[in-house]
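Chemist: Quick one: the structure is below, questions incoming.
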Amino acid sequence: MIIIVVLIGAFVMNAVLVKIYGHLWEKHLDAHVEFQKEPSLEGRDAILTETIYNRKWLFLPVLQVGFQMHRNLRFADGENTSVSDQCYKRDIFSVGSYQKITRTISFYCSRRGYYELSQVELVTRSPLMNGKFYKTLESPDHFYVYPRMVDETRLEIPFQKIMGSVLSRKNLYEDPFEFRGIREYQPTDPMHKINWKVSARTDQWMVNLYDSTSAQEVVVLLDVEDETIWKFDAIHEEGIRLAAALVSRLLQNGIPAGIRTNGRDLKTKTCFSLEPGTGPQQVRALYEGLTRLDLDQKAEHMEVILDRLREEANRGNRTYVMISKNQRESCYDGFSRLLNEGGTGVWIATLYEDMEWKLPDSRNMTALRWEVAK
């Protein structure tokens, strides 16, 4: 009889203990996970910070903290980690009363992308390990993994071609109010540039030189459309890297640059567009926009983008740079019409080694081949 009373007493005490613990364990308990503040590059490591606050006297002998993020972000150690459609991380802590625990976790950024965290799941057991309790906390955060850098030696040729187009265009838009100097007359100089007073004094033809004050803009046109059911993500990713590198380089040289693409933003579902501009904010907007491009969404036809550009008023003095693997006649004709209405252009064909070169020669367009590794 005494044994039965003891067992009943123990059962009641355990039930009460579990009830009290279940009521108190989550009070004044907080946990969150956040990425590092600065973006990273694909192919590099980054860190996130896991923080637990227990602002009460109750000791938590076992607390499991779990969260999930995209499988393209891989934890360096792999401990307490499982990977399927997502990467799941679960760590177990023993949290004392009024204790704060902070842990830094390293992970590898395998691909460009915009990644989000949403929730942290907490699981604990009662002191006698016979009760299990759950709690989900909101912990929203996001992280940018920018496209990786392009080989600078390979970038030099297309960049110089673009600069050649910019400079040749600049010569067509000299400002007569920005006097720069005088030089000897050449047969290609127009008569209105002759400085008659200086020519009479030196007894030879001399012409005035002027600087340009009109903005020499560059707009990169990035095509990420697949013409067939076959996907060419490796080519499109290389095109994204190339676009980022060229626009960044132009901005470093003080040339206003922007981008139009038929690729859609992961969040807004609209085609990413950035008007020509300069400054650090332009660079940040460029990389964030390119990072959020979602190749799983159906891209718009590049011909539509080209038609919109032709309809724009006050396009200014622009050089256009097309980055595309697609060499179909309709896209080429649309680009040529855009250039014929007052622009110069460069077409960079991003192709695998075994892909055919189809672009014809053009008077106002320079065509280059950029081979992509499979």
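Chemist: Considering only region 318-356, how many residues are open to solvent by 10 Å² or more (accessible area, probe 1.4 Å) and in contact with a strand residue (DSSP E or B) (Cβ under 6 Å, 6 or more places away or on another chain)? Walk me through it before giving the result.
Modeler: Looking only at region 318-356, we keep the residues that are open to solvent by 10 Å² or more (accessible area, probe 1.4 Å), and these are 318, 325, 327-330, 332-333, 336-337, 340-342, 344, 352-356.
With the extra rule that they be in contact with a strand residue (DSSP E or B) (Cβ under 6 Å, 6 or more places away or on another chain), the set shrinks to 318, 325, 344, 353.
Number of matching residues: 4.
Chemist: Filter region 357-370 down to the residues that are in contact with a Phe, Trp or Tyr (Cβ under 7 Å, 6 or more places away or on another chain) and farther than 18 Å from T319 by Cα and list them by number.
Modeler: L359, R369
Chemist: Checking L286 against (1) open to solvent by 10 Å² or more (accessible area, probe 1.4 Å); (2) over 26 Å from S330 (Cβ atoms); (3) under 17 Å from the mean Cα position of the chain (by Cα): exactly one of these is not met. Which one?
Modeler: Among (1) open to solvent by 10 Å² or more (accessible area, probe 1.4 Å); (2) over 26 Å from S330 (Cβ atoms); (3) under 17 Å from the mean Cα position of the chain (by Cα), L286 violates only (1).
Chemist: Consider F59 against the criteria (1) out of contact with any Ser or Thr (no Cβ under 8 Å at 6 or more places or on another chain); (2) open to solvent by 70 Å² or more (accessible area, probe 1.4 Å); (3) among the hydrophobic types (A, V, I, L, M, F, W, C): it satisfies all of them except one. Which criterion is unmet?
Modeler: Here F59 meets the rest and fails (1).
To keep it simple, each residue is scored yes or no on (1) under 23 Å from E156 (Cα atoms); (2) in contact (Cβ under 8 Å) with a residue 40 or more places away in the chain.
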residue	(1), (2)
D226	no, yes
D233	no, yes
L242	yes, yes
N253	yes, yes
L266	no, yes
G277	yes, no
R284	yes, no
E288	no, yes
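Chemist: Can you name every residue in region 77-98 that is of a type outside the set (S, T, N, Q), exposed (fewer than 15 other Cβ atoms within 10 Å of the Cβ) and modelled with pLDDT of 80 or more? Give the derivation first.
Modeler: Let us first name the residues in region 77-98 that are of a type outside the set (S, T, N, Q), namely 77-79, 83, 85, 87-93, 95-96, 98.
Add one more test, that the residue is exposed (fewer than 15 other Cβ atoms within 10 Å of the Cβ), and what stays is 77-79, 83, 85, 92, 96, 98.
Hits for region 77-98 are I92, G96, Y98.
Chemist: Given the residues E217, E237, which is the only one that is surrounded by 12 or more Cβ atoms within 10 Å (Cβ to Cβ), at pLDDT 70 or above and assigned to a helix (DSSP H, G or I)?
Modeler: On the way: E217 fails: assigned to a helix (DSSP H, G or I).
The conditions single out E237.
Chemist: Now for a different question. Residue check: is E26 out of contact with any helix residue (DSSP H, G or I) (no Cβ under 8 Å at 6 or more places or on another chain) and at pLDDT 95 or above?
Modeler: On the way: out of contact with any helix residue (DSSP H, G or I) (no Cβ under 8 Å at 6 or more places or on another chain): yes; at pLDDT 95 or above: no.
It is false that E26 is out of contact with any helix residue (DSSP H, G or I) (no Cβ under 8 Å at 6 or more places or on another chain) and at pLDDT 95 or above.
Chemist: I would also like to ask the following. So which of L242, L274, L246, L250 ends up being outside any helix (DSSP H, G or I), aliphatic (A, V, I, L, M) and either under 17 Å from M322 (Cα atoms) or in contact with a Leu (Cβ under 8 Å, 6 or more places away or on another chain) (or both)?
Modeler: Details: L242 fails: outside any helix (DSSP H, G or I); L246 fails: outside any helix (DSSP H, G or I); L250 fails: outside any helix (DSSP H, G or I).
Criteria check complete, one pass: L274.
Chemist: Moving to a separate point now. Those residues that are touching a Pro at 6+ places or on another chain (Cβ under 8 Å) and open to solvent by 30 Å² or more (accessible area, probe 1.4 Å), I need them from region 99-138; list them, please.
Modeler: E116, S118, R125, P127
Chemist: I need a count of the residues in region 339-374 that are in a helix (DSSP H, G or I) and not polar (S, T, N, Q).
Modeler: From region 339-374, those in a helix (DSSP H, G or I) are 339-340; that's our starting set.
Still in the list and also not polar (S, T, N, Q): 339.
Final tally of qualifying residues: 1.
The values are calculated or read from the model by the stated rules, or taken from the named source; none is laboratory data. Everything numeric here is computed off the predicted structure, so don't read it as measured data. When we count neighbours, we look across all protein chains shown, and the Cβ atoms used for this are built from the backbone with ideal geometry, even at glycine. These accessible areas exclude ligands, DNA and RNA; they are computed on the full protein's heavy atoms, side chains included. Shrake-Rupley method; radii C 1.70, N 1.55, O 1.52, S 1.80 Å.
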